[in-house]
Amino acid sequence: MTTQELLIKAKEAKSKLGGVKAADIDRALLIMADKLVDHTDAILAANALDVDAARGSISDVMIDRLMLSPERIEGMAQGIREVAALPSPLGRVLKHHERPDGLVIERVSVALGVVAIIYESRPNVTSDAAALALKSGNVCVLRCGKEAHKSAAAIVDALRAGLKEAGLDEDMVLLIEDTTRASANELMTADGYVDLLIPRGGKGLISAIVKNATVPCIQTGTGICHIYIDSAADIDMALNIVENAKCSRPSVCNAEEVLVVAEDIAEEFLPKLKKRLVDDRAVNPVELRLDEKAAKIIDGTPAGENDFDTEFLDYILAVKIVNDVNEAVAHINAHSTGHSEAIVTADETAADIFTRGVDSSSVYVNASTRFTDGGEFGLGCEMGISTQKLHARGPMGLEELNTYKYIIKGSGNIR
């Protein structure tokens, strides 16, 4: 089926979804979660084909991002169940007031309509996006990269089987069959069919969509995330946070890419950091790319011209020494992609300067950047991490997939 044919189906399904009750959507989501687990064998078989085809062409950490397991599939199903348990965002009265002329004006939340998402090699995005779109009253059009397409197709088969069993239109969740650039271009310019386009992937994908899209779109994903170790930091806490943010899963957008260290603490902290992340790690030691000051304290790779502006998505960490929190804030704002940044400190004044000064969607005090996630924020799962400011910022959940309209009630009022 062509992309245009799928978009026509999505528009038709949009009109049907508007009349579905919230309780029926929740029931469908629970059935979809069960079907996902029921189809585990088929999903894993498809995923194995994707993984085998990708080996040698993408890094091991990206293979991990692509790979599914029974546990990951159960986690995807649980994410759908958690979305089903959340309050519906539809029909909420966001504002109510009465005018002197007797008009009653309400601002009410409504669905966007057709939400399309272009993503790369993370199969779990398939079920997350479908669940959030459906719960928020939207039809979901999915377009994944070729590396994950077989996996995504198997997941969508399970989700559509759930919709059918629930008595809803299967076309409320659709997967684009074409994985070439042509289908991406069609979605970018699908005026009248796509109400919101969300790219999830690398810098190149997001830049191309922002530059070329004629439909509304939201920038998500690219994460040059920083952690600043203040002079008043607890050393052990700082080491634990940095190790978690860099090493727990380096292929994701909320992983740390840059470490900024206060000069007053650098000589004590950096040798301990090197021991923790390099010397004591028999598997996947971290490559430290050091600025001139850091290189005088520990051994590592000299930082290159672009290392403080790179999303490595690997076991690589750029390290910079600064004078104080103000210089840290300046450096972060100059190099960040607006995703997630953290400060480790026991000084409330430094924490206040940092949280007020850093211009990113999520700013942490004494916690890992790895928490920037819809599930961790209580949103069930996420459509993506918005790194822009309009209309959504940070993890995108149900509310961010709604807009609003005004409903005005009168009693024969004329102007």
Are any residues in region 384-393 open to solvent by less than 10 Å² (accessible area, probe 1.4 Å) and under 19 Å from Arg107 (Cβ atoms), and if so, which ones?
Ala392
May I ask you to list the residues in region 125-162 that are within 18 Å of Leu398 (Cβ to Cβ) and either among the acidic types (Asp, Glu) or open to solvent by 10 Å² or more (accessible area, probe 1.4 Å) (or both)?
Asp128, Gly137
Within region 231-250, restricting to residues that are open to solvent by less than 10 Å² (accessible area, probe 1.4 Å) and touching an Asp or Glu at 6+ places or on another chain (Cβ under 6 Å), the one that is modelled with the lowest pLDDT is Pro250
Out of (1) of a type in the set (D, E, K, R); (2) outside any helix (DSSP H, G or I); (3) free of Cβ contacts under 8 Å to residues at least 24 places away in the same chain, the odd one out for Arg160 is which?
(2)
Among residues of region 163-181 being at pLDDT below 95 and farther than 14 Å from Met1 by Cβ, the residue least open to solvent (accessible area, probe 1.4 Å) is Thr180
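Residues of region 394-414 being on the phi > 0 side of the Ramachandran plot and loosely packed, with under 12 Cβ neighbours inside 10 Å, which ones?
Gly412
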Residue check, Asn306 against (1) in contact with a strand residue (DSSP E or B) (Cβ under 9 Å, 6 or more places away or on another chain); (2) open to solvent by 20 Å² or more (accessible area, probe 1.4 Å), all met but one. Which one?
(1)
Scan (1) of a type in the set (S, T, N, Q); (2) surrounded by fewer than 18 Cβ atoms within 10 Å (Cβ to Cβ); (3) closer than 17 Å to Glu120 by Cβ for the single condition Thr220 breaks and write down its number.
(2)
Given Glu12, Glu74, Glu5, which one is without any contact (Cβ under 8 Å) to a residue 12 or more places away in the chain and not hydroxyl-bearing (Ser, Thr, Tyr)?
Glu5
Out of everything in region 70-104 that is assigned to a loop (DSSP other than H, G, I, E, B) and small (Gly, Ala, Ser), what residue ends up being nearest to Asp373 (Cα to Cα)?
Ser88
Selection from region 319-338 of residues that are in a helix (DSSP H, G or I) and either at pLDDT below 95 or more than 23 Å from the chain's Cα centre (by Cα) (or both):
Val325, Asn326, Glu327, Ala328, Val329, Ala330, His331
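Can you find, within region 339-383, the residue that is surrounded by the most Cβ atoms within 10 Å (Cβ to Cβ) among those that are charged (D, E, K, R) and outside any loop (DSSP other than H, G, I, E, B)?
Here the residue is Glu341.
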Is there a residue being closer than 25 Å to Ile343 by Cβ and either β-branched (Val, Ile, Thr) or at pLDDT 95 or above (or both) anywhere in region 373-389?
yes
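The values are calculated or read from the model by the stated rules, or taken from the named source; none is laboratory data. This is a predicted model, so every value here is computed, not measured. Cβ atoms come from the backbone with ideal geometry, glycine included; neighbour counts cover every protein chain shown. The area values use the complete protein model at the heavy-atom level, side chains included, leaving out ligands, DNA and RNA. Shrake-Rupley method; radii C 1.70, N 1.55, O 1.52, S 1.80 Å.
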